[in-house]
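Have a look at the structure below before the remarks.
The values are calculated or read from the model by the stated rules, or taken from the named source; none is laboratory data. Source: prediction; values computed, not measured. Note that each Cβ is placed from the backbone with ideal geometry, even for glycine, and that neighbours are counted across all protein chains shown. SASA here: full protein model, heavy atoms, side chains in, ligands and nucleic acids out. Shrake-Rupley method; radii C 1.70, N 1.55, O 1.52, S 1.80 Å.
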Amino acid sequence: MDARKKKRKVLLMGKSGSGKSSMRSIIFSNYVAKDVRRLGATIDVEHSHVKFMGNLTLNLWDCGGQDAFMETYLASQRGNIFSDVAVLIYVFDIESREVDRDLDTYHAIIEALSEFSPNAYVFCLVHKMDLIQAEHRQRIYEERSAVIRSRSSDFRVDTFASSIWDQSLYKAWAGIVHKLIPNLIVIERFLTAFAKKINAEEVILFERSTFLTVTSVTSEVGDLNPIYDRHERLSNIMKAFKHCAARNTLTTPASAGFVVMHTKTPQFNIFLGRFTDNTYIFLVVPPGEASYNCAVLNTMLAREGFSKAAAGSGGGDGFPLPPPETTEDHATNGNGNPA
Amino acid sequence: MPPNETLFLESTTRIQKDSIHSFMDFQVWDFPGQLEYFESAFDLEDIFGSLGALVWVIDAQDDYLDSVARLNRTILTVQQFYPGINIEVFIHKVDGLSDEYRTDTFQDIVQRISDELSDAGYENAPVHYYLTSIYDYSVFEAFSKVIQKLIPNLSTLENLINTLANNCGFEKTYLFDVLSKIYIASDTRPVDMACYEMCSDYIDVIVDISELYSWDHPVRKRLGDQIQEAESHVVLHDQTMIHLMEMNKYLCLVSVIRNPEAKDKRGLIDMNCRTFQDALNEVFSRSWEEGSAAQEGQSATASK
């Protein structure tokens, strides 16, 4: 109980001008890529609380990257900054000319982190990849991430190539967020069982405000889909449309959203709808009018069951799951989805 | 192509002919601005003979007097020999101008051209003016209007859409060409940019999602019967519904519905749209049978 109320401290660090605040604004504050030009340099540390999946609050510390600030972080502010860190996100600018110096700073940060929060997750984003020619991207990224790993001491580091101009940003942040959600395994187990019941090729859970992929399950057939970056692309597509809808219904992007979307084509059927307060569920089922309607109906039932179970009243009677898992679903509700 | 990438387009040096195969076959001739096509080397009949519409682009941010003078000469020639050609003037790049200056420029250009025309004795020449910019949807809107004039049975289509929209309580309905996102007909209510933008972006969403999930593989099996054409709708946070239905290979019908009851009557809406689809396909097959006018319309673009 205590753990889920706890705020997770997330440090966002990197050299000045590497794009930390820009990506934070796009993911969490509904900016579009070209709007970030308006952002100025971050002075000292900007704290923000980001609500994600309802009661998982990320306490995001956006640390200004100018050398003077970096020195204070490592010296006088050391204990304050680096204690109780759940996640460190370090952003490298691929265009930087002082690669060695960047890596030295990074190493110093890692040392400080291992001193105060040795259990933190570390993510490194190799950012602004759009500036590299497409054919060299993969090679340069791999070289860079190997160097980063070699300077990361005992931490197991996840690296991502990213750019605010395409879907890679969503991939990186979905990867980060995926690590932070408690009891994800329970949610995944539920989704797998559910996907099987309704014959879905793919079931994806998106977070409501950021449209980041929380988790997804695919069937054996769905696994054969040759487009590997489809989740990020979906986040990108849906978020762009959300901006369009907000513009044309005179609201802010934060309050715009979808109630439900149905799409039927000869190759696939898609349902997108609110699942819990903080998530959208995205179903891909093979064509077939009747089975599609069944799938949608079952999703509605599962949703009711979800909130009913969370309220602790009726138990999971509308819940399309085998009995042994029902208890775990209570746990899911407790952790991810308030009623 | 997104607007910011057009920077890298090179200047056109010869006549480019692009064929567009859609519900109607068009050929767009892109003329280099510096080309002097009234010289004897060019066969006027070849250029203007089968022309449906002439699109003339004027740079509103530049000194346009020269361009207007050339346009006047062109119009006079065209009027003299080929009075059936629609002349469409795009006053372009207006995104850089203030609202006031924009209107002034517009009026100035219109004035200069119509003066010249009435001096030459042409009243009511088929010349139309549009303010356009590539940074919003105005250029799509303008091209839509140009294309609509070339469609022989536009009024039939509009009547059909009106009937559908009135009966289903649609706020606005467009019949889109999916590839170009030009609308070839809409109901006769005033055009609302916001509606157009949402509809056109929604087509994008559906096309993009389809790209992700339309892969072919022998193990993909269908679970039952379903209608062949794609159908989709989305309900937004303020209960606005956008409804999209594929009509044939090239066209789809997109409607904005703000009636809160619409959600419960989706079956009815779907059925009405299917009826409309049948009617639409009948209209098109008729016009092809008769081989009526302007099936192979052409439009030419010339720029300064």
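Counting helices only, and only those DSSP H runs with n ≥ 4, report the 222 nm mean residue ellipticity of the protein assembly as shown as the sum of -39,500 (n - 2.57) divided by its residues, in deg cm²/dmol to the nearest 500. Display every interim value, and only then the final one.
Values: 18 runs with 258 residues, N = 643.
Taking each H run of at least 4 residues, the total per residue is -13000 deg cm²/dmol.
Find the accessible area per residue for the protein assembly as shown; the probe is 1.4 Å, ligands and nucleic acids are left out, and the unit is Å².
Using a 1.4 Å probe on heavy atoms only, each residue of the protein assembly as shown averages 46 Å².
Within 10 Å of each Cβ in A:206-214, how many Cβ atoms from other chains are there, averaged over the peptide?
Per residue, the average neighbour count from other chains is 0.
If all Cα-Cα distances of region B:128-268 are sorted into 5 Å bins from 0 onward, what percent lands in each bin, rounded to whole numbers?
Going out from 0 Å in 5 Å bins, region B:128-268 shows 2, 9, 17, 21, 20, 14, 9, 5, 3, 1, 0 percent.
Using the Kirkwood radius over C-alpha pairs as Rh, can you work out the diffusion coefficient of region B:66-128 via Stokes-Einstein at 20 °C, viscosity 1.002 mPa s, in µm² per second?
Rounded to a whole number, D works out at 171 µm²/s.
Within a 10 angstrom radius of each residue's Cβ in A:233-239, how many Cβ atoms of other chains show up on average? Whole number is fine.
Taking all residues of A:233-239 together, the mean is 3.
Region A:221-299: Rg/Rh from Cα coordinates, Kirkwood Rh?
Values: Rg = 14.2 Å, Rh = 14.1 Å.
Value, to two decimals: 1.00.
Using θ = phi - 60° and the Karplus relation 6.51 cos²θ - 1.76 cosθ + 1.60, list the HN-Hα couplings for region A:171-180 in order, rounded to whole Hz, with x at every Gly or Pro.
Taking θ as phi minus 60°, the curve returns 5, 4, 6, 4, x, 5, 5, 4, 6, 8 Hz for region A:171-180.
Quick check for me: using +1 on Lys/Arg Cβ and -1 on Asp/Glu Cβ, what's the dipole size of the protein assembly as shown about its Cα centre, in debye to the nearest 20? Write down the numbers at each step before the final one.
Working: 61 positive and 88 negative charges, 575 e Å.
Using Cβ point charges on Lys, Arg, Asp and Glu, the protein assembly as shown gives about 2760 debye.
In debye, nearest 20, what is the charge dipole magnitude of region A:24-174 about its Cα centre with +1 on Lys and Arg Cβ and -1 on Asp and Glu Cβ, if you could check?
480
DSSP H helices in chain B with Cα extent of 18 Å or more along the helix axis and mean Kyte-Doolittle hydropathy at least -1.0?
Result, helices passing both filters: B:65-81, B:138-150, B:154-168, B:193-213, B:266-290.
Which of the peptides B:259-271, A:9-21, B:190-202 is most tightly packed, and how do the rest follow, going by the mean number of other Cβ atoms within 10 Å of each residue? If you can, show how the numbers build up before the last one.
On the way: B:259-271: 13.6, A:9-21: 22.0, B:190-202: 18.4.
Taking the mean over residues of other Cβ atoms within 10 Å, the ranking is A:9-21, B:190-202, B:259-271.
Which peptide among A:104-115, A:29-40 comes first, and what is the full order, when sorted by highest mean count of other Cβ atoms within 10 Å?
Numbers: A:104-115: 17.6, A:29-40: 13.3.
Result, highest mean Cβ count within 10 Å first: A:104-115, A:29-40.
Just A:W173, A:W61, A:W165 to compare: in a GNM of chain A, with alpha carbon springs under 10 Å, which one fluctuates most?
Among A:W173, A:W61, A:W165, the largest GNM mean-square fluctuation belongs to A:W165.
What part of the accessible area of the protein assembly as shown, given as a whole %, is carbon or sulfur when the probe is 1.4 angstrom?
51
Using +1 at the Cβ of each Lys and Arg and -1 at the Cβ of each Asp and Glu in the protein assembly as shown, identify which of A:N119, A:S48, A:L12 lies farthest towards the dipole's positive end.
Farthest along the dipole direction, towards plus: A:N119.
Based on the Kirkwood radius over alpha-carbon pairs, what is the Stokes-Einstein translational diffusion coefficient of region A:251-296 at 20 °C with 1.002 mPa s viscosity, in µm²/s?
Translational D for this selection: 184 µm²/s.
Of the options B:V89, B:T240, B:P152, report the single residue whose Cα projects farthest towards the positive end of the charge dipole of chain B (beta-carbon charges: Lys, Arg +1; Asp, Glu -1).
Positive-most Cα among the choices belongs to B:T240.
So if I restrict to the alpha-carbon atoms in region A:75-216, what is the Rg, and what is Dmax, the biggest pairwise distance, in Å?
17.7, 58
Average projected area of the Cα convex hull of chain B, in nm²? Don't jump to the answer; show the numbers that get you there.
On the way: hull surface 78.9 nm².
Directional mean of the projected Cα hull area for chain B stands at 19.7 nm².
Buried by at least 50 Å² relative to the chain on its own: which residues of region B:212-236 qualify, computing accessible area with a 1.4 Å probe on protein heavy atoms?
B:L212, B:Y213, B:W215, B:R220, B:L223, B:Q226, B:E231, B:H233, B:V235, B:L236
With θ set to phi - 60° and the Karplus curve 6.51 cos²θ - 1.76 cosθ + 1.60, what are the ³J(HN,Hα) couplings of region A:285-292 in order, to the nearest whole Hz, using x for Gly and Pro?
These are the phi-based 3J(HN,Hα) values: 10, x, x, x, 4, 5, 5, 5 Hz.
Around A:T265, under 9 Å between beta carbons, what's the net of Lys plus Arg minus Asp minus Glu among the other residues?
Around A:T265, the surrounding residues sum to -2.
Where both partners of a DSSP beta bridge lie in the protein assembly as shown, what percent of those bridges are antiparallel, to the nearest 5?
Of all bridge pairs located within the protein assembly as shown, approximately 60 percent are antiparallel.
Given a cut-off of 17 Å, what percent of all Cα-Cα pairs of region B:63-169 lie beyond it?
Across region B:63-169, Cα pairs with separations above 17 Å total 63 percent.
Work from the charge dipole of region A:145-219 (Cβ charges, +1 for Lys and Arg, -1 for Asp and Glu, about the Cα centre) and give the residue of A:L184, A:S216, A:I198 farthest towards its positive end.
Result: A:L184, furthest along the dipole toward the positive end.
Need one word for chain A: rounded, prolate or oblate. Basis is the Cα gyration tensor (sqrt eigenvalues a ≥ b ≥ c); a/c below 1.5 gives rounded, then a/b vs b/c decides.
Taking the square roots of the gyration eigenvalues as a ≥ b ≥ c, chain A is prolate.
Let's see if you can work this out: charge +1 on each Lys and Arg Cβ, -1 on each Asp and Glu Cβ, no other charges. What is the dipole magnitude of chain B about its Cα centre, in debye to the nearest 20?
Numbers: 23 positive and 50 negative charges, 177 e Å.
I would put it at about 860 debye.
Straight-line reach from B:K172: which lysines fall under 29 Å, measuring Cα to Cα and dropping same-chain residues less than 8 apart?
Within the straight-line limit of under 29 Å, B:K172 reaches these lysines: A:K239, A:K242, A:K264, B:K93, B:K145, B:K149, B:K181, B:K249, B:K263, B:K265.
Would you mind telling me the antiparallel percentage of the DSSP bridges in chain B, rounded to 5?
Details: 27 of 49 bridges.
Restricted to chain B, the bridges split so that about 55 percent are antiparallel.
For region A:4-155, state the average projected area of the convex hull of the C-alpha atoms over all orientations, rounded to one decimal in nm².
With the hull built on Cα positions only, its mean projection is 9.5 nm².
With a ≥ b ≥ c the root eigenvalues of the C-alpha gyration tensor of the protein assembly as shown, is it rounded (a/c under 1.5), prolate (a/b larger than b/c) or oblate?
Numbers: a/c = 2.52, a/b = 1.49, b/c = 1.69.
The shape class here is oblate.
Assign one of three labels to region B:123-162, namely rounded, prolate or oblate, based on the Cα gyration tensor with a ≥ b ≥ c the square roots of its eigenvalues; rounded applies when a/c is under 1.5, prolate when it is not and a/b is larger than b/c, and oblate otherwise. The partial results should precede the final answer.
Numbers: a/c = 2.95, a/b = 1.30, b/c = 2.26.
Oblate.
Give a quick list of chymotrypsin sites (Phe, Trp or Tyr not before Pro) in region A:212-292 that DSSP marks as loop, anything other than H, G, I, E or B, with at most 15 other Cβ atoms within 10 Å.
A:Y228
Can you pull out the buried accessible area for chains B and A, both sides counted, probe 1.4 Å, rounded to the nearest 100 Å²?
3700
Compute log10 of I(q)/I(0) for region A:142-243 with the Debye formula, placing one identical point scatterer on every Cα and leaving out solvent, at q = 0.17 Å⁻¹, to two decimals.
The computed values of log10 I(q)/I(0) come out as -0.92.
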